[in-house]
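Reviewing the structure listed below.
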Amino acid sequence: MTNKSIETNSEVVMHFAIRLEDGSAAESTKVHDKPAKFTMGDGSLTANFEACLIGLKAGDNRTFKLPPEDAFGQPNPDNIYYLDRNKFSAEAPAEKGEIIAFTQPDGQEIPGIVRDVTGESVTVDFNHPLAGLTVEFDVEIITVN
């Protein structure tokens, strides 16, 4: 069995951890021991993230830092919504910092972060929680096919 390098259409299984610039952990696949599986070029990773993986082999461990444009993007002002406080319930209160799942018209759920509550107006941010942040990825390549 040869130890293949990651290339353009490789199927990759890897563990990853995401840290913020202050060193705090944002996410890790090792917490539940569920590695990520994807195919290079399928759109699940940004082009620059994929470029960092090219040439790595099973067993390789790497750490790299990505600016917002190459990680989760910049926050989009169009993803900020102002909702009436009466749209919230006791189970999903309009409290600053709460992350609430909202059901879209197509039935998909999307998480929103309550950023502000002023009177009857609630500001909800539907940007990815890591949008606008420089993040550090630790990757451990498990298999390459």
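A short reminder: the numbers here are calculations on the coordinates, not readings from a lab. These figures come from a predicted structure and were not determined experimentally. Here the Cβ positions follow ideal geometry from the backbone for every residue, glycine too, while neighbour counts run over all protein chains shown.
In this structure, Lys30 does satisfy being in a loop (DSSP other than H, G, I, E, B) and closer than 19 Å to Thr63 by Cβ.
Entry remark, the range 1-27: residues being in a loop (DSSP other than H, G, I, E, B), over 12 Å from Leu53 (Cβ atoms) and in contact (Cβ under 8 Å) with a residue 40 or more places away in the chain number 3 in total. Residues that are farther than 14 Å from Asn61 by Cα and in contact with a Lys or Arg (Cβ under 7 Å, 6 or more places away or on another chain) within the range 12-26 comprise Ala25, Ala26, listed in sequence order. For the residues Gly43, Gly73, Gly55, Gly59, the requirement of being closer than 30 Å to Ile100 by Cβ, outside any helix (DSSP H, G or I), among the small types (Gly, Ala, Ser) and touching a residue at least 12 places away in the same chain (Cβ under 8 Å) singles out Gly73.
So which residues in the range 4-25 are more than 15 Å from Phe64 (Cβ to Cβ) and small (Gly, Ala, Ser), if there are any at all? Of everything in the range 4-25, those that are more than 15 Å from Phe64 (Cβ to Cβ) and small (Gly, Ala, Ser) turn out to be Ser5, Ser10, Gly23, Ser24, Ala25. Just one of (1) buried (at least 16 other Cβ atoms within 10 Å of the Cβ); (2) of a type outside the set (S, T, N, Q); (3) in contact with a Phe, Trp or Tyr (Cβ under 7 Å, 6 or more places away or on another chain) fails for Tyr81. It is (1).
Matching residues to (1) of a type in the set (Ser, Thr, Tyr); (2) in a loop (DSSP other than H, G, I, E, B); (3) exposed (fewer than 15 other Cβ atoms within 10 Å of the Cβ):
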position: Ala90; (1), (2), (3): no, yes, yes
position: Gly97; (1), (2), (3): no, yes, yes
position: Asp106; (1), (2), (3): no, yes, yes
position: Val114; (1), (2), (3): no, no, no
position: Val117; (1), (2), (3): no, no, no
position: His128; (1), (2), (3): no, yes, no
position: Ala131; (1), (2), (3): no, yes, no
position: Glu136; (1), (2), (3): no, no, no
position: Val139; (1), (2), (3): no, no, no
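If you check Asp78, Asp70 for being of a type outside the set (Lys, Arg) and touching a helix residue (DSSP H, G or I) at 6+ places or on another chain (Cβ under 6 Å), only one passes: Asp70.
Scanning the range 50-65 for residues that are surrounded by 16 or more Cβ atoms within 10 Å (Cβ to Cβ) and touching a strand residue (DSSP E or B) at 6+ places or on another chain (Cβ under 9 Å) gives Cys52, Leu53, Leu56, Ala58, Asp60.
Which members of the range 32-74 meet the condition of being among the hydroxyl-bearing types (Ser, Thr, Tyr) and under 14 Å from Met14 (Cβ atoms)? Thr39, Ser44, Thr63, listed by residue number.
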